[in-house]
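First the structure, in the form of structure tokens, and then the observations on it.
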Amino acid sequence: MKFLFPGFLWALFAVLVPIIIHLVNLRRHQTVYFSNVNFLKKVKRETRRKSRLKQLLILLSRVMMLAALVLAFSKPYIPGSESEKQQSNKAVCIYIDNSFSMSAEGPDGIAIESARQKAFSIVNAGSPDTKYALLTNNLGKKHFRFYTRQEMTQLIEEVELSHITTPLSTIALRMNDLLNNFLFSTDQVLYLISDFQKTTSDLMNLKPDTATTYNFTPVKVNKVPNLYIDSCWFDSPAHHVNGLEVLNVTVVNDSENEYTRLPVNFHLNDSLKALATTDIGAGKKETVQLQFTNTSSGLQQGRIEISDYPVVYDNKLFLSYRVDSKINTLLIHNGGGKVRRNIEAVFANDEFIDMDMVRPDRLQISKLPNYSALIVLELQKLSTGLCDELAKYVETGGTLVFIPSLYADTASYNLLFEKLNVPAFVAPDTVIIPVKDVAFEEIVYKGVFKKEAENVVLPNIKYRYRFDNAGNRSQNALLGFADNTTAIGFSGVGKGNVYTFSFPLSEAENEFTDHLLFVPTLYNMVLYATPFQELFYVLGRDRFFEVKSLDDEVIQNPVIRNLQSGTEIIPSVIKQGGTGLRLRIDPDFDAGIYEVLNANKKIDEVALNYDLNESDLNYYTPDELITYARQQGIKHLNLIEQKAQSFEGTIRELDQGKKLWTLFIAIALFFLLLETAIIKFWDVLF
């Protein structure tokens, strides 16, 4: 037990007053005359004992009453974990979890409302001069300063649900930074009000602070089943008019229930385009395929939907992609003769693919980004500058088809391969060897033959280069030789692709150009050379998105507009690159599809989706909270689980300790009544 005003304890000397009075009264005698006192002798002895006991009880009552009053005015208390020192200048940080999961219902109502009420109780229980700071997942500018009680109350009222999720360790770190900057306080207290969802409450990353007390305040929510769309992707990265699309959608069942014939809808440009159903077991995930046809070119706006209640914020997934009306390809050659003419014939009169041809000395580097595919045909030597530009082209999403020369400068080739991190060429091999394996599962050869097991006579190759597969460079084999070496390799590099032939096409005894594989190989390499497209970005995870003008216009002062709400936003520009642009994704954006405007002209679209961390509805138990916090070395912590009716009283006890002055007032009144009763009824009863 401690005292708020220990100096008042000097008043305990006041108990000497009734003791002194009692002692003085014992020494005072009064003479009474009787005619005969013999019959009083026995009564006198008994009365003296009763009178002495009465006086002692009265004295005890007065001493105890005075002592209790003095102790009461000294404000005694039993210190709580936060009140080893009662301070007049205290800093308190309150974190309210306002993520989507706090929209769930619990025993005390909606979780976010329960969290607000707990925050109000914390503020009301504090002393008037306490300074408060409020943090939410948004981490806005207003969350980096301290407020008075009245200002804090207003801030708490303004807290709303947000799709933003912030790890608990980040919240604790920001709170500690705030408190450490509050220089006049050594009493630092954190209140963490949350449902403590496991995906965002990274307790293992909490840092101990000897000057700070952690108060974990769980908000209980009811466990509910949840279905959500996890991800989606296309079978083919290229999108063409009237081309068949296969969209794969992963649906997760985070519940103990099984679902049959769950409908999955796909809307394209606000029209229902595809519908499929799936059966999904408890705690499982299933991939659903949606098939449809693109009927128009340009930017496409997609939306995948399922129906699930009561958790609805993860029932939609937005996506956006571009359907090309034309694919531009460039053939870089040094003459090429018959081989060049054969390649030219593959794409001649094609309505969908346009091919330009250029010699390396007339190549305009600035025009390379306008082409989806580059075919480098048997150049004997590559300059260092050309190697740099080709590597940059692939990294940013282009497709490079590389065909070596019979008289190659392999050192210049290998410089390019080093930049692309693909296997280098070693010494040529002139032994005739047949092509044996075809990767029918790769998109270049998918559907080329009706049956993969069909007996096809594959071409023989006399002159080839072997790949050096040492080190960490690797590639997939589109075609393989009989000795299990690679004939045509495929590698994903950055956002682009590289197809590397191990053999020249102009060698007379290389039969590839005369074989039926030649046309589908070259054609499909170009057909599926559409630059990499991000179908969507995730709010809170992705920091920027890239846009590009297809009309070679320089983008200046872009504006993005939410197609659902019509809200226009001027985004921050992170990187400017001529016709390309990298824009910052503000975490406060809503999910949906946004169009990018340049001088009021649409140049691109981007789809934004919410982070799915909130979809995993698993929470830490109170015991787990304490266990993990202790494991991280946090010594000063409390777990506050009281309901709303007793919550504020619990906070007062933690903040100020358990106050005992009312108890001592009651004790004083008790001894006052006891003294009165002894004086009034003693003689009657005894």
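The values are calculated or read from the model by the stated rules, or taken from the named source; none is laboratory data. In this text, all values refer to a predicted model and were calculated from it rather than measured experimentally. Virtual Cβ from ideal backbone geometry, glycine too; neighbours counted across all protein chains shown. These accessible areas exclude ligands, DNA and RNA; they are computed on the full protein's heavy atoms, side chains included. Shrake-Rupley method; radii C 1.70, N 1.55, O 1.52, S 1.80 Å.
Data overview
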item	result
Which numbered condition residue 95 fails, given (1) at pLDDT 70 or above; (2) closer than 30 Å to residue 149 by Cα; (3) out of contact with any strand residue (DSSP E or B) (no Cβ under 8 Å at 6 or more places or on another chain)	(3)
Residue tally, condition of a type in the set (Lys, Arg) and at pLDDT 95 or above, over the stretch 382-412	0
Single residue of 230, 177 found to be surrounded by fewer than 19 Cβ atoms within 10 Å (Cβ to Cβ) and part of a strand (DSSP E or B)	230
Test result for residue 445, in contact (Cβ under 8 Å) with a residue 60 or more places away in the chain, more than 30 Å from residue 546 (Cβ to Cβ) and under 43 Å from the mean Cα position of the chain (by Cα)	yes
Evaluation of residue 512 against (1) part of a loop (DSSP other than H, G, I, E, B); (2) in contact with a Pro (Cβ under 7 Å, 6 or more places away or on another chain) (one fails), failing number	(1)
Residues of the stretch 184-208 that turn out to be without any contact (Cβ under 8 Å) to a residue 40 or more places away in the chain and either buried (at least 16 other Cβ atoms within 10 Å of the Cβ) or closer than 17 Å to residue 623 by Cβ (or both), as a count	0
Number of positions in the stretch 292-335 that are in contact with a helix residue (DSSP H, G or I) (Cβ under 8 Å, 6 or more places away or on another chain) and either more than 30 Å from residue 261 (Cβ to Cβ) or of a type in the set (A, V, I, L, M) (or both)	9
Residue 480, sole failed condition from (1) part of a strand (DSSP E or B); (2) under 20 Å from residue 376 (Cα atoms)	(2)
All strands (runs of 3 or more DSSP E) inside the stretch 324-423 with 3 or more residues being farther than 20 Å from residue 495 by Cβ and touching a strand residue (DSSP E or B) at 6+ places or on another chain (Cβ under 8 Å)	353-358
Some residue of the stretch 325-336 being within 30 Å of residue 275 (Cβ to Cβ) and within 38 Å of the chain's Cα centre (by Cα)	yes
Residue 506 modelled with pLDDT under 95, surrounded by 15 or more Cβ atoms within 10 Å (Cβ to Cβ) and under 19 Å from residue 414 (Cβ atoms)	no
Test: residue in the stretch 164-171 that is under 20 Å from the mean Cα position of the chain (by Cα), under 18 Å from residue 215 (Cβ atoms) and surrounded by 18 or more Cβ atoms within 10 Å (Cβ to Cβ)	yes
Residue list for the stretch 349-374, restricted to those being among the small types (Gly, Ala, Ser) and touching a residue at least 60 places away in the same chain (Cβ under 8 Å)	372, 373
Boolean, residue 278 is part of a strand (DSSP E or B), surrounded by 13 or more Cβ atoms within 10 Å (Cβ to Cβ) and not charged (D, E, K, R)	yes
Cross-chain or 6+ apart pairs with Cβ under 8 Å, the stretch 1-30 first and under 19 Å from residue 73 (Cα atoms) and open to solvent by 80 Å² or more (accessible area, probe 1.4 Å), then in a helix (DSSP H, G or I) and at pLDDT 70 or above	5/73; 8/70; 8/73; 17/66
Hits in the stretch 582-613 (condition: of a type outside the set (S, T, N, Q), over 20 Å from the mean Cα position of the chain (by Cα) and not in a strand (DSSP E or B))	599
Residue list for the stretch 264-273, restricted to those being touching a Gly at 6+ places or on another chain (Cβ under 9 Å) and open to solvent by 30 Å² or more (accessible area, probe 1.4 Å)	267, 269, 273
Criterion (charged (D, E, K, R) and closer than 30 Å to residue 201 by Cβ) met by exactly one of 270, 254	254
Complete set of residues in the stretch 241-263 that are part of a strand (DSSP E or B) and either touching a helix residue (DSSP H, G or I) at 6+ places or on another chain (Cβ under 6 Å) or more than 16 Å from residue 293 (Cβ to Cβ) (or both)	248, 249, 250, 251, 252, 253, 254, 259, 260, 261, 262, 263
Where residue 462 falls short, out of the listed (1) without any contact (Cβ under 8 Å) to a residue 24 or more places away in the chain; (2) among the charged types (D, E, K, R); (3) in contact with a Ser or Thr (Cβ under 7 Å, 6 or more places away or on another chain)	(1)
Subset of the stretch 622-655 [at pLDDT 85 or above, part of a loop (DSSP other than H, G, I, E, B) and under 17 Å from residue 206 (Cα atoms)]	632, 633, 634
Checklist (1) at pLDDT below 90; (2) surrounded by fewer than 22 Cβ atoms within 10 Å (Cβ to Cβ) applied to residue 261, failing item	(1)
Residue satisfying all of: in the stretch 107-133; within 28 Å of the chain's Cα centre (by Cα) and in a loop (DSSP other than H, G, I, E, B); farthest from residue 181 (Cα to Cα) among these	107
Given (1) part of a loop (DSSP other than H, G, I, E, B); (2) within 28 Å of residue 614 (Cβ to Cβ); (3) among the hydrophobic types (A, V, I, L, M, F, W, C), index of the condition residue 238 fails	(2)
Residue check, residue 365 open to solvent by less than 70 Å² (accessible area, probe 1.4 Å), within 20 Å of residue 420 (Cα to Cα) and under 47 Å from the mean Cα position of the chain (by Cα)	yes
Residue count for the stretch 233-255, restricted to those that are open to solvent by 60 Å² or more (accessible area, probe 1.4 Å) and either in contact with a Ser or Thr (Cβ under 8 Å, 6 or more places away or on another chain) or at pLDDT 90 or above (or both)	4
Residue 286 vs. criteria of a type in the set (D, E, K, R), open to solvent by 20 Å² or more (accessible area, probe 1.4 Å), assigned to a loop (DSSP other than H, G, I, E, B) and closer than 21 Å to residue 614 by Cα	no
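The rows are residues; the columns are (1) surrounded by fewer than 16 Cβ atoms within 10 Å (Cβ to Cβ); (2) modelled with pLDDT of 90 or more; (3) more than 16 Å from residue 405 (Cβ to Cβ).
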position	(1), (2), (3)
424	no, yes, no
432	yes, yes, yes
443	no, no, yes
456	yes, no, yes
487	no, yes, yes
490	no, yes, yes
495	yes, no, yes
498	no, yes, yes
502	no, yes, no
